[in-house]
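So the structure is just underneath, and the comments pick up after that.
The values are calculated or read from the model by the stated rules, or taken from the named source; none is laboratory data. For clarity, every value in this text was computed on a predicted model and none was experimentally measured. In this analysis, Cβ positions are derived from the backbone assuming ideal geometry, glycine residues included, and neighbour counts consider all displayed protein chains. Just the protein is used for accessible areas: all its heavy atoms, side chains included, with ligands, DNA and RNA removed. Shrake-Rupley method; radii C 1.70, N 1.55, O 1.52, S 1.80 Å.
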Amino acid sequence: MTNSKIAFLFPGQGSQAVEMGKELAEKYPVARQTFEEADEAVGHKLSQVCFEGPEESLRLTEITQPAILTVSVAAARILKEHGLQPAFLAGHSLGEYSAHVVAGTIEFADAVRTVRNRGKYMQEAVPVGVGGMAAIIGLSVEQVAGICSDAAQGEVCELANLNSPEQIVISGNAGAVERAAALAKERGAKKAIILPVSAPFHCSLMKPAQDRLAADLRALTFHKPQIPVVSNVDAALLGDDDGDGDRSRDALIRQVTGSVKWAQSLQLLIAQGIETFVEVGPGRVLWGLMRQIDKSKTCLYVGDEASLRKTMDHFAGVSA
């Protein structure tokens, strides 16, 4: 059953936690099979790192990215078995790959290998300590863009994630990001928090990673998305008009250095008539952002057995 009022949202890096997906894999054969496919695709026991850790391994970008993707796809496959099909899909950064797997744009094994490389390329693009990111709370996009411009001083300082009307993440050279955080506080930000990240994602410093990833993505077979996917970089729908998947591929390439327009992406889905958003995968980051974007919409999440039951009970009550 496809419900025209439901969208699935897929989380990005930062939502990982040891034991993620373990309960689902123990209880549902389709989830167990998903982890086995991922292990085979990367040539090591990715499932073991998800289920048992250690946490420092799970935090390595080239492990984090395929791990979150795998948990998200496993949860989506369980929902499909339970008869829940979304009308639209969106994923935050890495999560856009999960969305495209569920949409049928790319094969799961290809996506697992690609995001492993994506994590590796991003980590290698900038030496540790050279880049940084910060979350700015309580200023408008225009104000934060002005702060980035003033703080750059010949370095890179750019908008990375437009997460909600309340929260904007900036990225660039560590010194410029620190100057921007200090300026943001001076100009009335509620908070300006330097983030504990291993690289400055979604800014022009990632250009070497983008070029390497582009070669990988161009070597993959893409298909028309069977369920429309919202692209991060344009906050635009990719569906029937992307017959050969070229626009989806291009959006994933540009996403590496481009801003994640998350708030605009969800506003687009709200304009399409979506009433219920389900975060599919580990954590509740997108659930929290949705509450900042539009509290009037129903937002659920599925990452373990308890949240799956709660979500299915919700839809059983709605249809009853």
Mind putting together the pair-distance distribution for region 214-257? All Cα pairs, 5 Å bins, whole percent per bin, short to long. 5, 26, 33, 24, 12, 1
Once Rh is set to the Kirkwood radius over Cα pairs, what Stokes-Einstein translational diffusion coefficient, in µm²/s, holds for region 75-196 at a temperature of 20 °C and a viscosity of 1.002 mPa s? 131 µm²/s
Mind checking Rg over Rh on region 250-320, alpha carbons, Kirkwood formula for Rh? 1.04
Give me the one-decimal nm value for the distance between modelled label points at D313 and A109, 7 Å along each residue's Cα-to-Cβ direction. 4.0 nm
Which shape class, rounded, prolate or oblate, goes with region 142-280 when its Cα gyration tensor gives a ≥ b ≥ c as root eigenvalues, a/c under 1.5 marks rounded, and past that a/b bigger than b/c marks prolate? oblate
Multiply the residue separation of K190 and V128 by 0.36 nm, subtract the distance between their alpha-carbon atoms, and state the gained length in nm to one decimal. 19.5 nm
Any idea what the alpha-carbon Rg over 2.2 N^0.38 Å comes to for region 1-96? 1.08
Between K27 and A145, take the C-beta separation as r, use R0 = 51 Å, and let me know the FRET efficiency to the nearest 0.05. 0.65
Using the Kirkwood radius over Cα pairs, work out the Stokes-Einstein diffusion coefficient for region 158-226 at 25 °C and 0.890 mPa s, in µm²/s as a whole number. 171 µm²/s
Would you please report the Å³ per residue occupied by the convex hull of the alpha carbon atoms in the chain? 120 Å³
Quick check on the chain: helices-only [θ] at 222 nm, where DSSP H runs of length 4 and up contribute -39,500 (n - 2.57) each and the sum goes over total residues. Nearest 500, please. -15000 deg cm²/dmol
Partnerless cysteines (no other Cys beta carbon under 4.7 Å) identified across the chain are C50, C203, C299
Ignoring ligands, DNA and RNA, please state the percent of accessible area on the chain from carbon and sulfur, probe 1.4 Å. 49 percent
Averaged per residue, what accessible area in Å² does the chain show with a 1.4 Å probe, protein chains only? 40 Å²
Distance violations [Cα-Cα > 26 Å] among K22/K190; K80/K310; K207/K295; K120/K261: K22/K190; K207/K295
Peptides 5-16, 155-166: what's the order by average Cβ count within 10 Å, highest mean first? 5-16, 155-166
Computed over the Cα atoms, what is the radius of gyration of region 56-110 divided by 2.2 N^0.38 Å, N being its residue count? 1.17
Which percent, nearest 5, of DSSP beta bridges in the chain are antiparallel? 50 percent
Over the Cα atoms of region 210-302, each weighted equally, I'd like the Debye log10 I(q)/I(0) at q = 0.10, 0.14, 0.24 Å⁻¹, rounded to two decimals. -0.31, -0.59, -1.23
